[in-house]
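Structure, as C-alpha cells:
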Amino acid sequence: MVYSKDQLLARLKELQIDFSQYEHPVVLTVEAQAKYVGNVGGALSKNLFLKDKKHRYYVVSALADTKVDMKVLSQRLGLGKGGLRMAPEEALGEILKVPLGCVTPFALVNESASHVSLLLDKGFKTQECCIFHPLSNDMSISLNAFGLDKFLKSIGRDPTYIDLEANPPVGKDQPPDLASLVPSGSTVLPDLPEKTPSQDSSGNHPSAGNNSTAVTAKADKPSNAVQNVKEKSVNGVRPLIPSTDAGKFVEELLDRTSTLLLSEISEDSIKRHGGQLGAEVANNIKKCLREDLKNLATIFKNTAYTEGFYAGTHYQPKRL
Amino acid sequence: MEKVEDQNPQQEEDQVVNPWEVSAKDGGKIDYDKLIDKFGCQRLDQSFVDRVQRLTSRPPHVFLRRGVFFAHRDFNDILDAYERGQKFYLYTGRGPSSEALHLGHLIPFMFTKYLQDAFKVPLVIQLTDDEKCMWKNLSVEESQRLARENAKDIIACGFDISKTFIFSDFDYVGGAFYKNMVKVAKCVTYNKVVGIFGFTGEDHIGKLSFPPVQAVPSFPSSFPHLFSGKDDLRCLIPCAIDQDPYFRMTRDVAPRIGYHKPALIESLFFPALQGETGKMSASDPNSAIYVTDSAKDIKYKVNKHAFTGGQETIEKHRQYGANLEVDIPIKYLNFFLEDDAELEHIKKEYGAGRMLTGEVKKRLIEVLTEIVERHRRARAAVTDEMVDAFMAVRPLPNMFD
C-alpha cells in the first residue's frame, strides 16, 4: 500500500509524535525549501537517494550543512571508492514512492522501500527540530530526532545515527565501519558479476585495489558470505550456495545444459547440419560442459562429504 | 648419476633461481635451457605428452600441451610403474605468505587437480605456515590463519575431498612425519644445506632446519593414516622450478634411508603483467591478476598494465607485426586459452600484424574473467567445515578409485 502525505501525518499523530507542519508551493531543492521554512526554528535537511552497483539502495539524511562525501561514504560501507551513485529518477517513484525532490526518511514507511538502508546524520540529535518532507514536496514538517526515532521504530526500523563527516581509514586491519548498514537479503559476496544484459561491467569490489591492504580485505569476505548467503537470487545472479540438495544440483546442471542447447540450435545451425544436428549438438555440449559439470559435481561431493564428516565427528556413541 | 647442484647460487653471475629469489641475468628473461642444465633435470618433450594422453585416455592438460610444465625428474619411472598397474601419490604445497592469491599461484594447483583426475591418485598438500612464520616474520597465529584462508582457495581449484589431505606444518609435524624429518636431517650436513640454499651465519637456526619439513611429504611413511603398509608407493611432485633445490636434496637423501626418490614435474614462472623482466609482487596489485579481482579490475589491468609486443602505431604494426617474444597477452593466452587452434590463429594473425593488440587483449580479458569467475564461485562454496574436513587426519579408503 502506498502511503500518502495525509496518511503519514495521521500515523504521526497516532504515535503521539510532536511535529509542526508547513504548507508551501512545491519545492525541489533545499534552497527553495529554505525560502519558505528556513526560519521556523528547525534545521533543514538534505536527503540523498543513492544506489550501489549491486542495486542496493540507501537514503542518506543529513543536516543541510553537513558535508557528505560520497567517495568516503562508499568506502565506509565497504563498496570501494566509487561504489555509490545517485539513484535514477525512476527508482524514486518505484521504490520510495515519492516525487523528484522529495527524498525523505519517511518514505521508508512504504513496503517497496523495505530493503532500503537508512543513514541518519548524528547532527540531527543535537538540533531541537529538523525539517523533512512528509512524502510530498508541497509541505515540510518539523520534528525532533526523538520523534523521528519513534516513527522509525514503529515501522520496524532501527534508527542509526552516524557521523557523516568522519573519514576513518579503511584497509586490511580496519574494516569499513558502516558495512553493517549495507542492505542484506542480497548476497554479501562482493564480486559476483551481474548476469543481466543491462550491466556491462560486472560486480564491484570493496576497495579500489591500489594498495595491497585492500586486496587482503577482499579475500576475507567470501568466507563470511557463505554463512549469511540467502536463497534469494538477485537480478538473475545465481550464487553457488554450498548445498547438498540433489534437486537444486540437478536443476543447475539442467539449466546449463539447456542454455547451451538452445544456443546451439539456430536457423543457421539447422541449415548447416540438417539431420545431423542432433549428433553435432550432443558432441558440442559434451565438449563444452564436461569440465564445468565435473567441477559442479566435485563441489557437491565435497559438500556432502563435509556434512557427513561433521556428523561423524559430533556423533554420540550409543549408551550401553 | 645426476648432477647435484652444490654451488652457492649467489656466486653465479647470471640468473638466480631458488625458493626465495628468482631473477634473470641483467634484468632479461629467465634462460630455462640453462636452468635445466644447471639443475640437472630433464626436458619434458612431446613424447611424454603423448604417453600421458594414452595412459589416461583423455586430452592432456593445456599446461602440458603448451610446455608450461616443461621439466621433470623421473617422470618416466612414474609412467612406467603406472603402466604396470602401480599407482603413485601426488604431493604439492603452498607457502601461505599472503591472503592475496593471483593466477600464478593457482597454476600448480590447476595442474595437480588435472593429474589427480586423470591418473585417479591421492594427493597431499602441505601448507608451510612455519616457513612463512620464519621467513616473513609473521606471528604463529597469523601464519596459521593465512594457511586456512589459502586452503579455501586451494580447495576451490576442485580437489576431490575423498582423495585429498591438506595439512599445515604447525598442525601436523610430529609422530611419523617428524621421525622422517630427523632421518633426512641426519643425512644433510651443515655445509651441504648452506651450499644448496645459500644460508649465511646470520640466518637463524629455524631456517636451517626447515628443509627436511618440505622434504618428507615425499615419503609415504610420513602419512601413516593414509599409506601404512605402502612403503613402496612412489611420489610425484608438481611444482614451479624454483622449488627444485628442496627436492634435489630430498632425492639425494632418499636412497640412503631406503625410500624411493620422489619424481618431479616442473613449471615455468608465470610472468608479471608488466613483462618477463617485471616482478610479480604482492605490494603491486597491478602486476598480477588476483582471484578476487572483478571483471572490471581484470579489464583495467590488462588494458592499462599488460606489456605488449605490439608496435607503436597501427601502420607500423600492420607492417612489422607484433613481437610475440615479449607480448604478455600472448603469453597469458598460452597458459589459459584451451583451444589450440584458436591460439595458433591469434599468434599467426597478431605476429603478422593483421590482428591488433586491442583484439588480443579483449580475448585475454574474456578468458581470464571466466577463470576468475569460476574460481570465485567455487570459493564461495568452501565453508570452514569443509576446510576442517580436508585437513582432518582421517583415512581415505577410496583414494585410488
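Details
- Matching residues in the range B:290-325 - criterion: being farther than 17 Å from B:Gln274 by Cβ and hydroxyl-bearing (Ser, Thr, Tyr): B:Thr292, B:Ser294, B:Thr313, B:Tyr320
- Checked against the criterion of being within 14 Å of another protein chain (Cβ to nearest Cβ) and hydrophobic (A, V, I, L, M, F, W, C), the range A:270-290 contains one or more residues that satisfy it.
- When residues in the range A:26-42 are screened for being over 17 Å from A:Val98 (Cβ atoms) and in contact (Cβ under 8 Å) with a residue 40 or more places away in the chain, 5 of them pass.
- Exclusive hit being hydroxyl-bearing (Ser, Thr, Tyr) and without any contact (Cβ under 8 Å) to a residue 40 or more places away in the chain, set A:Ser45, A:Ser74, A:Ser20: A:Ser74
- For the range B:241-261, a residue qualifies if it is crowded, with 21+ Cβ neighbours inside 10 Å, outside any helix (DSSP H, G or I) and in contact with a helix residue (DSSP H, G or I) (Cβ under 6 Å, 6 or more places away or on another chain), but none of them does.
- If you go through the range B:188-207 and keep only what is in a loop (DSSP other than H, G, I, E, B) and either surrounded by fewer than 17 Cβ atoms within 10 Å (Cβ to Cβ) or hydroxyl-bearing (Ser, Thr, Tyr) (or both), you end up with B:Thr189, B:Thr200, B:Gly201, B:Glu202, B:Asp203, B:His204.
- Considering (1) acidic (Asp, Glu); (2) at pLDDT 95 or above; (3) within 30 Å of B:Ser98 (Cβ to Cβ), the lone condition that B:Glu373 does not fulfil carries the number (2).
- Members of the range A:279-308 that are charged (D, E, K, R) and free of Cβ contacts under 8 Å to residues at least 60 places away in the same chain: A:Glu280, A:Lys286, A:Lys287, A:Arg290, A:Glu291, A:Asp292, A:Lys294, A:Lys301
- Check on B:Glu338, modelled with pLDDT of 95 or more, under 24 Å from B:Ile107 (Cβ atoms) and within 14 Å of another protein chain (Cβ to nearest Cβ): no
- Taken as a whole, the condition of being touching a Phe, Trp or Tyr at 6+ places or on another chain (Cβ under 7 Å) and in the same structural domain as A:Thr66 (by the TED database) does not apply to A:Phe146.
- Here is the figure for the range B:132-150: residues that are within 27 Å of B:Asp293 (Cβ to Cβ) and more than 15 Å from the chain's Cα centre (by Cα) total 12.
- In the range A:1-111, counting only helices (runs of 4 or more DSSP H) that sit wholly within it, none holds 1 or more residues that are outside the structural domain of A:Glu128 (by the TED database) and among the aromatic types (Phe, Trp, Tyr).
- Matching residues in the range B:367-401 - criterion: being in a loop (DSSP other than H, G, I, E, B) and either without any contact (Cβ under 8 Å) to a residue 60 or more places away in the chain or more than 7 Å from chain A (Cβ to nearest Cβ) (or both): B:Val382, B:Thr383, B:Ala392, B:Val393, B:Arg394, B:Pro395, B:Leu396, B:Pro397, B:Asn398, B:Met399, B:Phe400, B:Asp401
The values are calculated or read from the model by the stated rules, or taken from the named source; none is laboratory data. Just so it is clear, the structure is predicted and the values come from calculations on it, not from any experiment. Quick reminder, even Gly has a Cβ in these numbers, built from the backbone with ideal geometry, and neighbours come from all protein chains shown.
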